[in-house]
Amino acid sequence: MERIDKENYYLDIAETVSERSTCLRRHYGAIIVRNDEIIATGYNGAPRGRRNCVDLGYCTREQLNIPSGERYELCRSVHAEANAIISASRSAATGGTLYLAGRDAKTGALLTDATSCSMCRRMIINAGLERVVIRTGPKEYQTISVRDWIWDDDSLPAHIGGVRQAPAE
């Protein structure tokens with residue numbers, strides 16, 4: 001039997017964490033790892049104490065026909081990345097890696113185009129994480145340097161956002 005590589009080992013754990021998701025659209029799981037130790041986990045679901053979409057039986061964004069990736073302020077869920085960051089101390093997370101895996105809630109199909117939204121990217125930057133590893137296939141993944149998200153500032157207009165500048169210290 002061939003031994004699994006570390007990236008897929010952690011992505012498998014993130015995928016297992018996603019099984020706790022309470023979203024009716026997408027199930028995401030995230031884990032933060034530093035120095036080969038799991039610091040925190042998170043999945044997407046309603047804030048503590050609030051009713052989840054699976055309990056309510058509907059998704060507001062789905063009822064309003066809002067496309068994926070838009071109008072997150074209408075979503076009941078806290079994203080998996082945000083929940084992992086909330087659960088971690090910044091001193092433990094700084095310099096670490098966030099692993100992200102997702103599946104379609106209805107079909108169970110692996111999400112091969114998963115990525116962090118702009119709000120989660122900002123949290124990942126402020127948490128001091130260095131890399132994000134996203135599952136793109138059964139054993140395939142994409143590795144992103146958080147520094148690239150700092151330099152390619154998606155919060156600026158397109159004509160400014162593509163200009164690489166050294167980040168302010």
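The values are calculated or read from the model by the stated rules, or taken from the named source; none is laboratory data. Please read all numbers here as calculations on a predicted model, not as lab measurements. Virtual Cβ from ideal backbone geometry, glycine too; neighbours counted across all protein chains shown. Ligands, DNA and RNA are excluded from the accessible area calculation, which covers all protein heavy atoms including side chains. Shrake-Rupley method; radii C 1.70, N 1.55, O 1.52, S 1.80 Å.
Excluding ligands, DNA and RNA, the accessible surface per residue across the chain is 59 Å² with a 1.4 Å probe.
Identify the trypsin sites (Lys or Arg not before Pro) of segment 51-116 meeting these criteria: DSSP loop state and at most 13 other C-beta atoms within 10 Å of the C-beta.
Counting only loop positions with at most 13 other Cβ atoms within 10 Å, the trypsin sites (Lys or Arg not before Pro) in segment 51-116 are ARG51, ARG71, LYS106.
Residues whose amide H comes within less than 5 Å of that of ALA127, counting only those at least five positions distant or on another chain, are absent (H built at 1.01 Å from N in the peptide plane).
Remark: the MET1-ASP148 segment gains 49.2 nm on full extension, using 0.36 nm per residue and subtracting the alpha carbon distance. Stretched out straight at 0.36 nm per residue, the stretch from THR112 to LEU74 would grow longer than its current Cα-Cα span by 11.2 nm.
Across the chain, C-alpha contacts under 8 Å between residues 6 or more apart give a mean separation that, scaled by the residue count, equals a relative contact order of 21 percent.
Whole-Hz Karplus values for segment 71-84 come out as 6, 4, 5, 8, 7, 6, 7, 9, 5, 4, 4, 5, 5, 5 Hz, taken residue by residue from phi with 6.51 cos²θ - 1.76 cosθ + 1.60 and θ = phi - 60°; glycine and proline positions read x.
With the simple model of a label 7 Å out from the Cα in the direction of the Cβ, ARG122 to LEU56 spans 2.3 nm. Ligands, DNA and RNA left out, the accessible area of the chain computed with a 1.4 Å probe is 49% carbon and sulfur. Label zone (GLU19, point 7 Å along Cα-to-C-beta; backbone nitrogen cut-off 18 Å) within segment 84-101: 100-101.
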